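> Dumping the structure here so I can ask a few things about it.
The values are calculated or read from the model by the stated rules, or taken from the named source; none is laboratory data. Note that the structure is a prediction, hence the values are computed from the model and not measured. For neighbour counting, all protein chains shown are included, and Cβ atoms are generated from backbone atoms with ideal geometry for every residue, glycine included.
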Amino acid sequence: MPHKTFMAFIWPSLLAMILFIALPILSVGYQSLFIEHEQILIETETCGPFGCTAEVSVDSAAMADLRAEKPAGRYNGLGTYTNASHLAFDEITEIFATSDNFTEIRTRIMNLPFYKALIFTLAYTFIVTPLVIILGFIIALVVNSIPRFLKGPVIFFSLLPMIVTPLVGSLVLFWMIDSRGIIGAALQALFSDPSLSLKASPALTWVTLFVYGVWHSAPFAFVVFYAGLQTVPQDTLESAMVDGASRWERVRFVTIPYLMPLATFIALMQLMDNFRVFEPIIGFSAAASATSLSYLIYNDLRAAESPLFGSAAATSMLTIIGVIILLLPVLRRNWREFNRKT
Amino acid sequence: MNFKLKSTVAAGVLLATAGGAWADCGIESGSVRILSNDFAALHAVAEWAEKCASATVEVTKNQTEEHKNVQVPALTTNPASYTVAVVATNSIVPLLNDDLIRPLDEYVAKWGDQLLDSQKIVVDGKIMAIAFMANAQHLQYREDILSANGIAVPTSYEDMFAAAEMLREAGVMETPISSNFMPGWNLAAEFVNMYLGTGNDFFEPGSAKLAIDNADGLLVLENMKRMVDYMSADWVTYDSNSTKPVWEAGEVALTIAWGSRAGAMIDESGPAPDIAKATSFAAAPTIGDNTIPSAALWWDGFTIAKNISDEDAEASFRAMMNGLSPEMMAENLDAAVWLIDGYEPTKAASGVIADLQAGARPYPMLPYMGLLHTALGDNLAEFLQGKESAEQALADVTAAYTTAATEAGFLN
């Protein structure tokens, strides 16, 4: 395709990408370098139904002048990135200087909010992604081999977890694992331990979130693999049968190599999606035991009366950097294959 | 035929009187746009404000739990999207900080005869909001279970733990206590309640420097830990909505709950009439050797936006005066602890009134309190789960608060 034709086709989506993806990211990056102006406080008397008190309040007129002068706030450079709520350089240096052994270093770093969230996010990404690919592949194989008249309904039901809104899906499961819910009560009966609670123990909460993640995303992998299975060359499969290959050997040596590019694609999508895990943490009220980077952003923007934009922006940028690092190996492989072909 | 005629006439008279009642607002023209939280008492107030609507007066409302996130952007535009923002002790702060609401003195002088002085929220000599209801957490208990086991109504946390221990040993209940301990806003509110109960202050006087890293802070945390010992393992997910069915299932005998929820708890047409009948309220327990209830007092009130025309502002104030009328209160006695003149407390209000009378302290209306609330909500769960020490939890809170307050410009 000549470059000119290519440009003619691509420019609308390029424009949309610049407007709706590149510019917002730049603006978030810019915001992450700033913090709020120093607040001008005045002591005032505040009276209400419960009496009068001398309290501090913000001098809003003076603040308005400051903001009109410099709307972005105070320049803070990378200060927000390195503070205790993010990369916590000072805290980590201190931890290394004052800890006795590796376990103590680990526990103390795990106690820093950013690293706590990062560990869960990474664990979620690297446990859920492969399980989704494996489970999706198995479902696709099974569906592909069932009688034709059953396929329609089975495909529909397999897709349901993906159709359900993530937040609703997690709420449904959340009520099921309640100690009065069907799964929670069944587990208590099974292990005859009335104090067993999937919601209370941090480890079980993690497991619950992983299970939910696999449940929610497996249909995506299934659909992609199922479509791929329809294109596996039948002659190769037949010749493998003639050579005496068992069912497993046909899957292992014909189907899997053939579907490998699809697995890469799913891995890419899932790595990106899972790294941004958020809804289940809200749905399962799991913030006590598990927080993710996206949850930190949400918390900065929503928890307090006044949002912390700089802090949220810094976490957003760090998330983007995380996604890029995660995808780098996969992208590099694709790039090499592309170069080989041309 | 005759009967039909009579009823038509009667209906006509009814309509005429109703029309007369509307005209009572007496507003010539203007637009009233109300933004508020979403619960029964506020529904009643907005509904009565809406009665002022006429051909020339427009009254609309948006009642949503998202109001806190909507209000600042909505009132920043000129003209503001809403003329009335219904706020509470904490949510008025961002409006004051950004100078988005107007002083009400002029309107109070002209149209506010019905208001008590205690309803006026005065900041720096100017009336910035009109409070109409109070809220606080109180002790909610099962009268039947306590008396059957010979337990007096607890007034201190020590009494409460003793009562819980007795119930556990008698085999009545394994986990007799509940409270809104879900990490985040709820858990922080419980810390704030108890810390206020110690009589100590959160910050060094006149500054945003945190001062909870002390013996009282540790006392509160130890107290919270002891509560968790008597609560179901699911406490990490407990908020007002999830503790209600647990109460109605009869699995709990003592709970620290919100006063605004009390009406629903004793509603005998609810799902558990027997338990509703046996539910009573008392002041929140005291902590340690202190004598004031461990409960923060909150008020709910309304403010008028700055960026609107004076005509709309006056119309809004007058419509809200109708919303706070004694007639509205008479119809909704059980919906709240009203601060309106002539209010007679009902059973649902008894806990909050007891808090008030015993000298409970108000939730601090400080510009940086919200940041501390968030820091508390995020950093206490691990201590309560037994994963870290109380000292570490307080250190984490201090670190999180200091970082946030520095970014927000309150600390250097």
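> Somewhere in region B:174-192, is a residue within 14 Å of chain A (Cβ to nearest Cβ), of a type in the set (S, T, Y) and assigned to a helix (DSSP H, G or I)?
There is no residue in region B:174-192 that is within 14 Å of chain A (Cβ to nearest Cβ), of a type in the set (S, T, Y) and assigned to a helix (DSSP H, G or I).
> Would you pick out the residues in region A:284-310 that are farther than 14 Å from B:A375 by Cα and polar (S, T, N, Q)?
Listed by number, the residues that qualify are A:S285, A:S289, A:T291, A:S292, A:S294.
> Every residue in region A:275-286 that is on the phi < 0 side of the Ramachandran plot and surrounded by 22 or more Cβ atoms within 10 Å (Cβ to Cβ), please.
Residues satisfying the conditions are A:F275, A:V277, A:P280, A:I281, A:F284, A:A286.
> Within region B:204-219, can one find any residue that is of a type in the set (K, R) and farther than 25 Å from B:A354 by Cβ?
Scanning region B:204-219, I find at least one residue that is of a type in the set (K, R) and farther than 25 Å from B:A354 by Cβ, so the answer is yes.
> Next question, about the same structure. Since B:Q140 meets every condition but one in (1) within 19 Å of B:V45 (Cα to Cα); (2) part of a strand (DSSP E or B), which condition does it not meet?
Here B:Q140 meets the rest and fails (1).
> Enumerate the helices (runs of 4 or more DSSP H) found wholly within region A:60-107, keeping only those where 1 or more residues are at pLDDT below 90 and under 30 Å from B:M128 (Cα atoms).
Counting at least 1 such residues, we get A:60-69.
> Continuing with this model, one more query. Checking the condition under 23 Å from A:I40 (Cα atoms), of a type in the set (S, T, Y) and within 23 Å of the chain's Cα centre (by Cα), which residue from A:T121, A:T80, A:T125 passes?
A:T80
> Looking at region B:227-267, which of the residues that are among the hydroxyl-bearing types (S, T, Y) and in a helix (DSSP H, G or I) is surrounded by the most Cβ atoms within 10 Å (Cβ to Cβ)?
B:T243
> Among the residues of region B:355-389, write down those that are aliphatic (A, V, I, L, M) and in a loop (DSSP other than H, G, I, E, B).
The answer is B:A358, B:A360, B:M365, B:L366, B:L380.
> Let me ask something else about it. Scan region B:79-90 and give yes if some residue there is without any contact (Cβ under 8 Å) to a residue 40 or more places away in the chain and over 22 Å from B:A40 (Cα atoms), otherwise no.
Let us first name the residues in region B:79-90 that are without any contact (Cβ under 8 Å) to a residue 40 or more places away in the chain, namely none.
No: zero hits.
> Could you list, in sequence order, the residues of region B:393-412 that are within 7 Å of another protein chain (Cβ to nearest Cβ), in a helix (DSSP H, G or I) and not charged (D, E, K, R)?
B:A399, B:A400, B:T403, B:A404
> Could you tell me whether any residue of region A:13-26 is within 12 Å of chain B (Cβ to nearest Cβ), under 26 Å from A:Y75 (Cα atoms) and aliphatic (A, V, I, L, M)?
Checked against the condition, which is being within 12 Å of chain B (Cβ to nearest Cβ), under 26 Å from A:Y75 (Cα atoms) and aliphatic (A, V, I, L, M), region A:13-26 yields no hits at all.
> State whether one or more residues within region B:393-407 are surrounded by 21 or more Cβ atoms within 10 Å (Cβ to Cβ), of a type outside the set (K, R), in contact with a helix residue (DSSP H, G or I) (Cβ under 6 Å, 6 or more places away or on another chain) and without any contact (Cβ under 8 Å) to a residue 12 or more places away in the chain.
Checked against the condition, which is being surrounded by 21 or more Cβ atoms within 10 Å (Cβ to Cβ), of a type outside the set (K, R), in contact with a helix residue (DSSP H, G or I) (Cβ under 6 Å, 6 or more places away or on another chain) and without any contact (Cβ under 8 Å) to a residue 12 or more places away in the chain, region B:393-407 yields at least one hit.
> Give all pairs with beta carbons closer than 8 Å in which a residue from region B:92-107 that is over 22 Å from B:P364 (Cβ atoms) meets a residue that is in a helix (DSSP H, G or I); count only pairs at least 6 apart in sequence or on separate chains.
B:R102/B:A313; B:L104/B:F317; B:Y107/B:A313; B:Y107/B:E314; B:Y107/B:F317; B:Y107/B:R318
> So, in region A:27-68, exactly how many residues are facing chain B (nearest Cβ under 7 Å) and more than 30 Å from B:W298 (Cα to Cα)?
The total comes to 1.
> Check B:V108, B:V87 and return the single one that is part of a strand (DSSP E or B), assigned by TED's automatic domain parsing to the domain that holds B:M320 and among the β-branched types (V, I, T).
B:V87 is the lone residue from the list that is part of a strand (DSSP E or B), assigned by TED's automatic domain parsing to the domain that holds B:M320 and among the β-branched types (V, I, T).
> Report yes if B:G342 is of a type outside the set (A, V, I, L, M, F, W, C), farther than 30 Å from A:M63 by Cα and either surrounded by 23 or more Cβ atoms within 10 Å (Cβ to Cβ) or in contact (Cβ under 8 Å) with a residue 40 or more places away in the chain (or both), otherwise no.
no
> Separate question: Residues that are β-branched (V, I, T), in contact with a helix residue (DSSP H, G or I) (Cβ under 6 Å, 6 or more places away or on another chain) and part of a helix (DSSP H, G or I): does region A:170-186 have at least one?
yes
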